[in-house]
Amino acid sequence: MTTGRRAFLAACAGMAGGVASASALSLQGAAPQRPPSPSPLPIDDLVAANRILARQGVLDGMGHVSVRHPRTPTHFLLARSMAPALVTHADILTYDLDGRVVTGKDPGSYQERFIHSEIYRVRPDVHAVVHSHTPSLIPFAASNVPLRAVYHMAVFVAEGVPVFDIRAAAGVTDLLVKTPALGRALAASLGSKHAALMRSHGAVVTANSIPNVVGRSVYLDLNARAQMQAIALGGTISYVEADEARLRMADPNEYARAWDLWKREIGVIR
């Protein structure tokens, strides 16, 4: 090998070693990667949901709304027992699926928290639940006239809205779903549907998010009122068909614009 070739190879080896050393130093000096931050709890939206539903007349001094815990699916967030319009961040509690508070002492819980716990237990697709006493829904829960979809903003009704009769499930009661067994009976009546009526009581509405469960609750009320008006006219009613409903429900953010508006109306500007 010539002297010139030996010098060339030595220079190449030196360059390679320098690159390797620089790479090693670079790796040694690099900051360690941090795991992603956990998803924040949706407490802002849950407080907003309580106040929006009260403002829209879906809830009054009674009723409640919950959301499944985003990091622990066997937990859910729900306010302590109080009027929905008065709920603040400090009032939000975390419950397990047995309806027990897991974040310290129980300051006083809704008796009917088992509506939420038992639905979350059997419906992994459900991430938000509303229980209301909306007046427009009571006649449909008390009669044999089925609630049907007449409005494109409440097409989920076209998939069916069963009626839960607590007397058939448990005999004579005070009409409140205040035990796990009654919660399970209600969840069974709901089945795979998005809403169920409760005889002489109210309704339960489910969805995959807080904005959607609020939207469904508001427009379920409007749909019931519109259906009663259509029935009062005395003519033939053209209801939303199931195939039309499926196309409409393909939009996962159906109520996004309304949700933004409702938040602004209660003073939430973001």
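We did not get these values from a lab; they are worked out from the coordinates using the rules stated. Quantities reported herein were computed from a predicted structural model and do not represent experimental measurements. Reconstructed Cβ throughout: ideal geometry from the backbone, glycine too, with neighbour counts over all protein chains shown.
Find the centroid of the Cα atoms in the stretch 79-113 and in the stretch 199-270, then give the distance between the two in whole Å.
Rounded to whole Å, the Cα centres lie 26 Å apart.
Sort 112-121, 181-190 by packing, meaning the average of other beta carbons within 10 Å per residue, with the highest value first.
Ranking the peptides 112-121, 181-190 by packing returns 112-121, 181-190.
Which lysines, on any chain, are close to LYS105 with Cα under 25 Å apart, when same-chain ones fewer than 8 places away are left out?
LYS105 reaches LYS178.
Run the reach check for LYS263 against aspartates and glutamates, Cα to Cα strictly under 12 Å, same-chain hits fewer than 8 apart removed. What comes back?
Excluding near neighbours in sequence, the set is ASP44, ASP45.
With the radius of gyration and the Kirkwood radius both derived from the Cα set of the stretch 28-184, what is their ratio Rg to Rh?
Taking Rh as the inverse mean 1/r over Cα pairs, Rg/Rh reads 1.05.
Scale the Cα Rg of the stretch 118-270 by the rule-of-thumb value 2.2 N^0.38 Å and send over the ratio, two decimals.
Cα-based Rg divided by the globular estimate yields 1.06.
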